[in-house]
Structures are given as structure tokens and as C-alpha cells.
Amino acid sequence: MAMADPRDIEATKYARREFIKHRLDVTMAEIRVSHGVVYIRGIVRRDPQAHYDNVSNETERVGRLLKQRPEIRDVVVEAKFL
């Protein structure tokens with residue numbers, strides 16, 4: 001079995017930090033990076049202390065920020081928003 005790419009591991013940690021920093025609750029979501037593509041699956045919720053109303057828009061915004069990183073090629077969101 002092949003080892004995970006260390007760049008993907010670091011990108012996964014970075015993506016998770018960005019979602020948390022932007023007050024998105026991803027405790028019920030899976031965030032993975034494979035070959036530079038971030039996959040978000042599961043349920044993304046609004047943190048009670050967040051200052052926005054639309055979780056979907058905020059998730060898209062974080063996705064655009066992530067794509068600015070050289071190690072991240074794309075972001076695929078397959079999540080429900082609550």
C-alpha cells in the first residue's frame with residue numbers, strides 16, 4: 001500500500017484550519033486532499049459565533065481562498081449545508 005503524499009497531508013491540515021478560522025463547523029464533514037484536490041464531503045454547519053448567514057456561500061469563499069495556494073489545484077464540495 002502506498003504512503004500518502006506529505007504535500008496532501010499538509011494541504012489537508014491547512015484546509016481544515018481555514019474552515020475553522022472562517023467559523024465553519026466541519027465536525028460532521030470529511031476533508032481530504034488527493035493529488036492536490038480538496039474534497040469536502042458530509043455536513044458543513046455554521047458556527048454559532050459566525051457573522052454570516054449563508055453557509056454555502058462561505059464554503060465557496062473558503063474554497064476560492066484554498067485554490068490560491070500553489071499546492072491546491074481544485075476544491076470539490078459534495079456536502080450538505082445546515
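So here's what we get for this one:
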read-out	value
Identity of the residue in segment 1-39, assigned to a loop (DSSP other than H, G, I, E, B) and over 22 Å from Lys80 (Cα atoms), that ends up nearest to the chain's Cα centre (by Cα)	Gly36
Residues satisfying the stated conditions in segment 68-82, i.e. loosely packed, with under 12 Cβ neighbours inside 10 Å and either touching a strand residue (DSSP E or B) at 6+ places or on another chain (Cβ under 6 Å) or of a type in the set (Asp, Glu) (or both)	Glu78, Leu82
Within segment 48-76, considering residues that are assigned to a helix (DSSP H, G or I), of a type in the set (A, V, I, L, M) and under 11 Å from the mean Cα position of the chain (by Cα), the one nearest to Arg32 (Cα to Cα)	Leu66
Which listed residue, of Arg46, Arg23, is basic (Lys, Arg) and at positive phi	Arg23
Condition check for Val37: of a type in the set (Val, Ile, Thr) and in contact with a helix residue (DSSP H, G or I) (Cβ under 6 Å, 6 or more places away or on another chain)	no
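No value in this document is a laboratory result; all are computed from the given coordinates. This one's a predicted model, so the numbers in the text were calculated from it and none came from an experiment. Cβ: placed from backbone, ideal geometry, glycine included. Neighbour counts: every protein chain shown.
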